[in-house]
Ligand code: COA
Ligand code: AMP
């Protein structure tokens, strides 16, 4: 582990030097004098006196260096049959123009812009345009229903929302505009203006005085220059699921983010200028932010924006077709996508249809990579399959196999080793360190490295309560796991109520809040159960209020979750039960329910209030 080990140790021994060196790969309008501001623990800031513009780093810098004609963005839409390549000069021109349009609509530095977009180039352009004028974007995954979009609008309080008339799923066209209208209607802090990209598959009506057509604002817009902002100013807010129904607004700064992502592209993904990198995710998730939009562009690579699915658009060869067509050097997706492909193409016949000679690595993250899926992908592709572990909060990998530093041996089931700046520790609940092989709570000693969340949007108290209070001096990841004797980390799953459905992060608490809102429901519990393709899916157990009718209630509750959270939550099974197992202090024993549902042998918890309730539930859970 020579190269990696020395680099990692250097990052912990002298973080100041390590990250100042890394900062030299980024263009600053004012180069920082120091890396870390640690004067206000547990709040840390990176590059406190640095000044830069992230959009200028992603676009202008490459054009200025004579790479204007190099491809920046390849849009491949399997659902509409469209392909278009934007050079760096073209992407810069459209971005600078949309930045001008936003400014003309009254968006200033520090103002928020919510994006509710399908996977179209305008989504990337709008994000970069916000960065250009120092506005803070908050991109909301298009699968979220109006209620969730409204909650994010109310928290971010945007001046403008950018959306599209529709999104296209394999079997249907999704009316984004109807969802946007419902969300704006429901929100207490509606935006002044909505900019709408009209798509020919389902054009929409515009509300006079509020809505404007993307093409119209672009026609009259002047291009604007990048606005230098402080390294510590927010670049974006990305909402993610916590353990309660209220989403957490993860804040990303400008300076630390640019430095960390630039470092990660070269050292983890082995990608630089001229390489083609494809993150098959969605711009609404953190993988989309970091590795569809910012990471590849920061290093002058070509990024692929794919509108489609791994299967069904039109076949399980879709990923290999895109990888072959554009000479993709590294593909990054979620294990669930590989499981979906494998289910339809178990022998890899579609893999062999395409020339994948340019493809060097398959990177997987977003959920646990089960050894079976790892083995299958390795066998079919015959390239290193690299698991890496991270979260919306960190923005880049906490643990990985840094292919640009050293090709460490891969161990199935492990995302390998901690990345620079992440002092990862596995702790017992009482805070004592776990020995190698001993499972505990995975924590990271503060400060976290650049690029990670400095706080939650407008809520320092929740930031501290969620991540920093459990083990003072450490960031609580919410995942459990262990180190083996070789220092490889094994991440075994969440220790809280966050679940992962097809790589999409959801909170069982949020689903419970929706179920509890039904007038017939007295109480409920949602747990995650295993699913062969999606990894996990939610399952709900509800107790009715006295006198309430239960006949078609499960169907009503399934529909309620689809309407209020989104169809991607995939709640399909709701059981009406007589009672839920609780402790004597009234806490529902969700962990015990989960263990029984997973077929584990569970002893009767000593704190249980009524053992008969659990006995009665066992056959339903199994
Ligand atoms: N906008 C609107 N609706 C969306 C959506 C979006 N962006 N994405 C998904 N949905 C809806 C689908 O239309 C579907 O609705 P339905 O129940 O009415 O049919 C529902 O959400 C579930 O869709 P999906 O999660 O795509 O499940 P699936 O069973 O159709 O396909 C997979 C399974 C594995 C192919 C698919 O989940 C997938 O591509 N997963 C990879 C996800 C990923 O990339 N995650 C993040 C990576 S880091
Ligand atoms: P998200 O914030 O949506 O990226 O989800 C983060 C969560 O997904 C983590 O806390 C883990 O529970 C899970 N996760 C992501 N990547 C991995 C991985 N490589 N191995 C295991 N779990 C993962």
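For residues that are touching a strand residue (DSSP E or B) at 6+ places or on another chain (Cβ under 7 Å) and away from ligand 2 (no atom under 16 Å from the Cβ), scanning just segment 374-388, find the one that is farthest from residue 361 (Cα to Cα).
Among them, the one singled out is 381.
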Notebook entry, point to check: For segment 63-73, does any single residue satisfy the condition of being outside the structural domain of residue 192 (by TED's automatic domain parsing), over 13 Å from residue 226 (Cβ atoms) and crowded, with 20+ Cβ neighbours inside 10 Å?
Noted result: yes
Item checked: Within segment 386-407, tally of residues that are crowded, with 23+ Cβ neighbours inside 10 Å and within 22 Å of residue 275 (Cβ to Cβ) -> 10
Check: What number of residues within segment 336-365 are under 23 Å from residue 74 (Cα atoms) and either assigned to a helix (DSSP H, G or I) or within 16 Å of ligand 2 (Cβ to nearest atom) (or both)?
Finding: 10
Check: Taking into account only those residues within segment 551-569 that are farther than 28 Å from residue 336 by Cα and exposed (fewer than 11 other Cβ atoms within 10 Å of the Cβ), which is modelled with the lowest pLDDT?
Finding: 551
Next item on the list: Select, from 285, 320, the only residue that is over 13 Å from residue 363 (Cβ atoms) and within 13 Å of ligand 1 (Cβ to nearest atom).
Entry: 285
Next item on the list: Would you mention how many residues in segment 487-507 are under 16 Å from the mean Cα position of the chain (by Cα) and over 19 Å from residue 285 (Cβ atoms)?
Entry: 0
Next item on the list: For segment 22-54, name all the residues that are free of Cβ contacts under 8 Å to residues at least 24 places away in the same chain and either touching a helix residue (DSSP H, G or I) at 6+ places or on another chain (Cβ under 8 Å) or at positive phi (or both).
Entry: 31, 34
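Mind checking which strands (runs of 3 or more DSSP E) fall wholly inside segment 164-239 and carry at least 2 residues that are more than 22 Å from residue 105 (Cα to Cα)?
Here the list reads 167-169, 172-174.
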Margin query: Quick check on my filter: what residues within segment 263-309 are away from ligand 2 (no atom under 16 Å from the Cβ), buried (at least 24 other Cβ atoms within 10 Å of the Cβ) and more than 20 Å from residue 92 (Cβ to Cβ)?
Written below: 263, 271, 278, 306
Check: So which of 123, 129, 151 ends up being in contact with a helix residue (DSSP H, G or I) (Cβ under 7 Å, 6 or more places away or on another chain) and part of a helix (DSSP H, G or I)?
Finding: 129
Item checked: Verdict on residue 239 being surrounded by 24 or more Cβ atoms within 10 Å (Cβ to Cβ) and either more than 29 Å from residue 407 (Cα to Cα) or out of contact with any strand residue (DSSP E or B) (no Cβ under 9 Å at 6 or more places or on another chain) (or both) -> yes
Item checked: Residue list for segment 451-484, restricted to those being surrounded by 17 or more Cβ atoms within 10 Å (Cβ to Cβ), away from ligand 2 (no atom under 14 Å from the Cβ) and farther than 17 Å from residue 238 by Cβ -> 468, 471, 474, 483
Next item on the list: Output the number of residues of segment 495-504 satisfying the condition of being near ligand 2 (Cβ under 10 Å from one of its atoms) and buried (at least 20 other Cβ atoms within 10 Å of the Cβ).
Entry: 5
Notebook entry, point to check: modelled with pLDDT of 95 or more, loosely packed, with under 15 Cβ neighbours inside 10 Å and in contact with a strand residue (DSSP E or B) (Cβ under 8 Å, 6 or more places away or on another chain): does that describe residue 51?
Noted result: no
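The values are calculated or read from the model by the stated rules, or taken from the named source; none is laboratory data. Model, not experiment: these values are computed from the prediction. All Cβ positions, even for glycine, are placed from backbone atoms using ideal geometry, and neighbour counts span all protein chains on display.
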